[in-house]
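Here the structure comes first, spelled out in structure tokens, and everything after it is commentary.
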Amino acid sequence: MHSAMGLREEKAELEAVFASGTFSRAPGLAQMLSYVCTKYFEGQADQVKEYNIAVEALGRPADFDQKRDSIVRVEAHRLRKRLSEYYEGEGASHRIRIVLPSGQYVPQFLVAEPQLATGTELIEVTPEVTPGVLVVPVALQSSAVARRSSPYRMALLVLAGVIAASAVTYLATRSPLRPTLSAAPSSVLREGDEIRILAGARQPFTDQLGRVWQPDRYFTGGAAGSSPGRVVEGTRDSLMYQSFREGDFQYDIPLKPGVYEMHLHFAETVYGEHNPGGGGEATRLFHLDINDKRVLTNFDVISDEHGANFADERVFKDISPAADGKLHLRFTHVVRDPFINAIEVVPGYPGRMRPIRIVMRSQAYMDHKGNLWTSDRYFRGGQPVSRSQLTAGTDDPELYRGERFGNISYVIPVAPGSYSVTLKFAEAWFGPGKPVGGGVGNRRFDILANSQMLAHNFDIYKEAGGPERAVDRTFHNLHPNAQGQLVISLVPVENYACINAIEVIDEGK
């Protein structure tokens, strides 16, 4: 069992390893290390097995046979060697060391004993603590230096503080575990300053993306409700929508000063078709105020998401606490009781949404630039499949390992604004030496955004110049519909449409 401090130190060490650039040219090893450490942090070390690593971290297909394919053992050997080299060099002075024991895949975080040279002593340096800033508290100095004049020692303390601050800045800007953007979030906010609340719930919940949602809190009024066993479409986390708070109620959420992005999650599981309350559109209407400003009027979840039992997500950027240091959300009824399933508040960027990156795989992936791509979500229709071939023409062939094919739509919730959308493709089915042969013209489909035609008869093979070659298409100045969604549709013309990854960037317009 970890202490809270121990777990923070272990996570900080993992971030330091990634920030060092040790894995900048070995994304596969980085993904493997990230996977086994994440499972370890979440208390799921029993799931760190060869098969799971192969399929969930390295993108191997579900029929992976570890007796015939030694990829995990080979990569684990390379990972052990890379970590050993790091701690013999750049990480030699680190107090915590990450070790992957021989013959095992569960990482160990070992505390290294400090090696002091003769005539040295340990001087504790305690810089002023600033909220949200990591403090590096220990420096080594010779006993002769320690006994020097007070001004000299003060200069050393100041220098140690500067070095500590510089290290924190480096980790915050270079760590691949954090999303990257041209401008950093508010300086007082970090990724740990996230709040996720599962309304009406009494127990924490970990979703398919590994995010932890806390039990209901910070509310006044209303009552907890539940719809046990209800299947919610448009999400891989139906359990998130089986509890809710309803009635006239308010949330007063304490926040640090800064700019945030807020996601509100709804799914109508009481009224509407196939639900016990019956009805449909206009059966439930309510208002939402944020810090006394009306942001949703006569909000109808069924109408917003085209039906009951569908996950509906509303996004708000440029959110900040009120003068009292709290974010106030007030829900008031118009027709029947308002409700909410989940509230998510994360550090944001002034005037922009955080980037949305989705890879059509069952596990997240970090690209060679340190950007985190979440596993497949927001899809409607289609089938997932893993491809064994490596894609040429890209620095990140693993982004093209997973694929969704069929008649596909991605319904991506965004705040009002202008967005660029990059779609990533590679043809893995048609072409010389492929299962069905063929080439140009065998797969064609239309690409639409909110029913606007972006590309007609798009042919991956033709655009890429052959199979297993990356081809990306970026479309600018796209705007969400009235429901706050970018609906990206891939409509088959000849054979199925397919896609490997999607990136959505707020253009700040």
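Rule-based calculations on the coordinates, nothing more; no lab input. Every value quoted in this text rests on a predicted model; they were computed, and no experiment measured them. Every residue, glycine as well, gets a Cβ built from its backbone with ideal geometry; the counts of neighbours run over all protein chains shown.
Below, the figures for the structure above:
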| item | result |
| --- | --- |
| Radius ratio Rg over Rh of the stretch 195-347, counting only Cα atoms, Kirkwood formula for Rh | 0.94 |
| Relative contact order of the stretch 195-347, pairs being alpha-carbon contacts under 8 Å that are 6 or more residues apart, as % | 31 percent |
| Neighbourhood net charge (13 Å Cβ-Cβ; Lys/Arg +1, Asp/Glu -1) for Gly393 | -4 |
| For the stretch 4-111: rounded, prolate or oblate by the Cα gyration tensor [a/c cutoff 1.5] | prolate |
| Separation of alpha-carbon centers, the stretch 346-407 and the stretch 296-340, rounded to whole Å | 28 Å |
| Residue order, fewest to most beta carbons within 10 Å, for Cys498, Cys37 | Cys37, Cys498 |
| Over the stretch 291-389, relative contact order from alpha-carbon pairs under 8 Å, at least 6 apart, % | 18 percent |
